[in-house]
Amino acid sequence: MAHFAFRRIRVVGCNLPSKEPVLYVCLHRNGALDGAVYGQAVPHAQRTLSSQLRRGMLARMLFDGIEIVRPKDTAQDGARVSNRDAFVKCVAHLADGGAILFFPEGTSELGPHHLKFRNGVANLIQSTLARIPALKVVALAAHYEAPTEWQSDVEVVVGPGEDFSGDLATGHIMARITSMLESVGVDCASIEERTELEALAYAATLGQPDIGYAQALKLLHGSQAGQMQPLWACARQEGLRLHQGIPLVPTRTPWLYAVLWVFLTPFVVLAAVLNLPVVVFAWYAPRKLADGPNVISLWRSLAGVVSAYVWVPLTAGVLLGVFGVLAALAYLAVSVAGLKGLYRWRKLSIALYNQIRASAQTRRLLHGLHDGIVQFVRSRMAQDRSGA
């Protein structure tokens, strides 16, 4: 589900602990898919998840972990799931030397800042320390380039681990947990500020393989307000298309973009045609069922993955029986290539379209703003290195 929803999931920041037990406390923004994304970073960790995700038989086939009941789900799940029992399982797993993924916010929202951290994480740490002398706690934050878009990129930031030991008060634990999570996350005052910051950070990474998206978010936070307004004004005036908030234009020779677009287009189009039911379900489900931005990617993945479990084996089997092994393998290869090529194909399509629509003056403005953003980020990177 994570790789159906997102093209690339990178783990950045500090090294993961080599020894367990470890409690991973995770920022929670993008619904149940956060668990799938963090699971790619720490695949051996046991996950906690909302009880609503395991109500039906099909849901229990897709989601696994220690269920926790949110207050708003008590009426439906309270008779089936006990939070007391869930915490006993978490404590036992940690005390036995395991790792747990835990979400202190309890629920998710694609808002400008994190939600209130609940005391459950302090209770979990206190109960664990009653059985073992010390517990390593590590903060994780998933930074999505475009959390509601299909096949965008994600970076999971790993914070430095801290050792918790002794008889600790709830307030002390919560203060430390809050500090750890805020150090790996990014909080903004408004959704407009966050939207602009995310677009700026994405712009900083364009053509700059050594600049990470999460790194750019931190370095640009609170320092470049208003930079996106000229870009968006140009886009509106000249009818340009946006990719993750940026009116892309080629930064190198346009014909190179065109050649790569021509190369990728058959794979993307053929993959879509060969898997049309999967594409239709993945397109339709979030429009019909998502009740908020934080579950759009979840519903897309649920619909796409479940339908793919039926459609892909069926299609491969038919091709195998009618045309042979090579036809079935070619179908699978084209499907994977089309899915993983979608992100770059979309970028190329928008950049080439804007190259045609944008005036020379606008293209110079866009290039100049991009250069300025990159130079600012590089100067901040140099300051951080000299300070370190």
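At-a-glance table
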| item | result |
| --- | --- |
| Flag if PRO43 is under 30 Å from ILE191 (Cα atoms) and at pLDDT below 95 | no |
| ASN294 at pLDDT below 95 and more than 28 Å from ARG357 (Cβ to Cβ) | yes |
| Filter result for LYS340 (more than 30 Å from ALA59 (Cβ to Cβ), of a type in the set (Lys, Arg) and assigned to a helix (DSSP H, G or I)) | no |
| Count - residues of region 165-199 that are open to solvent by 70 Å² or more (accessible area, probe 1.4 Å) and touching a Lys or Arg at 6+ places or on another chain (Cβ under 8 Å) | 0 |
| Unmet criterion (only one of (1) in contact with a Ser or Thr (Cβ under 6 Å, 6 or more places away or on another chain); (2) farther than 28 Å from GLY212 by Cβ; (3) in a loop (DSSP other than H, G, I, E, B)) for ARG131 | (1) |
| Selection within region 214-234 - in contact with a helix residue (DSSP H, G or I) (Cβ under 7 Å, 6 or more places away or on another chain), touching a residue at least 60 places away in the same chain (Cβ under 8 Å) and either surrounded by fewer than 20 Cβ atoms within 10 Å (Cβ to Cβ) or not in a helix (DSSP H, G or I) (or both) | GLN224, GLN227, PRO230 |
| Matching residues in region 245-278 - criterion: being polar (S, T, N, Q) and within 28 Å of ALA303 (Cβ to Cβ) | THR265, ASN275 |
| Options THR251, THR315: the member that is surrounded by fewer than 18 Cβ atoms within 10 Å (Cβ to Cβ), touching a residue at least 24 places away in the same chain (Cβ under 8 Å) and not hydrophobic (A, V, I, L, M, F, W, C) | THR251 |
| Verdict on LEU49 being part of a helix (DSSP H, G or I) and either under 19 Å from ALA5 (Cα atoms) or modelled with pLDDT under 90 (or both) | no |
| Some residue of region 68-86 being open to solvent by less than 50 Å² (accessible area, probe 1.4 Å) and in contact with a Gly (Cβ under 7 Å, 6 or more places away or on another chain) | yes |
| Residue in region 347-359 that is farther than 24 Å from TYR213 by Cβ and open to solvent by 70 Å² or more (accessible area, probe 1.4 Å) present | yes |
| Output for region 141-199, where each listed residue is assigned to a helix (DSSP H, G or I) and over 30 Å from LEU129 (Cα atoms) | ILE191, GLU192, GLU193, ARG194, THR195, GLU196, LEU197, GLU198, ALA199 |
| Residue check for LEU302: farther than 30 Å from ARG236 by Cβ, in a helix (DSSP H, G or I) and either hydrophobic (A, V, I, L, M, F, W, C) or at pLDDT below 95 (or both) | yes |
| Considering residues of region 138-151 that are crowded, with 22+ Cβ neighbours inside 10 Å and more than 13 Å from ARG29 (Cα to Cα) only, the residue modelled with the lowest pLDDT | TRP150 |
| All positions within region 318-327 that are open to solvent by less than 80 Å² (accessible area, probe 1.4 Å) and either over 18 Å from PRO277 (Cα atoms) or not in a helix (DSSP H, G or I) (or both) | GLY321, GLY324, ALA327 |
| Selection from region 9-43 of residues that are outside any loop (DSSP other than H, G, I, E, B) and closer than 18 Å to PRO160 by Cα | ARG10, VAL11, VAL12, GLY13, VAL22, LEU23, TYR24, VAL25, CYS26, TYR38, ALA41 |
| Residue count, region 34-57 (criterion: among the basic types (Lys, Arg) and in contact (Cβ under 8 Å) with a residue 40 or more places away in the chain) | 1 |
| The one condition in (1) among the small types (Gly, Ala, Ser); (2) surrounded by 15 or more Cβ atoms within 10 Å (Cβ to Cβ); (3) under 21 Å from PRO147 (Cα atoms) that ALA308 fails to fulfil | (3) |
| Matching entry among GLY106, GLY120, GLY78 (being on the phi > 0 side of the Ramachandran plot and more than 17 Å from the chain's Cα centre (by Cα)) | GLY106 |
| Some residue of region 268-290 being in contact (Cβ under 8 Å) with a residue 40 or more places away in the chain, aromatic (Phe, Trp, Tyr) and open to solvent by 40 Å² or more (accessible area, probe 1.4 Å) | no |
| Region 106-128 - residue that is outside any loop (DSSP other than H, G, I, E, B) and under 23 Å from ALA36 (Cα atoms) and, of those, most open to solvent (accessible area, probe 1.4 Å) | GLY120 |
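The values are calculated or read from the model by the stated rules, or taken from the named source; none is laboratory data. None of the values given here were measured: they were computed from a predicted structure. Cβ: placed from backbone, ideal geometry, glycine included. Neighbour counts: every protein chain shown. The protein model used for the area step is the full one, side chains on, heavy atoms only, and it has no ligands, DNA or RNA in it. Shrake-Rupley method; radii C 1.70, N 1.55, O 1.52, S 1.80 Å.
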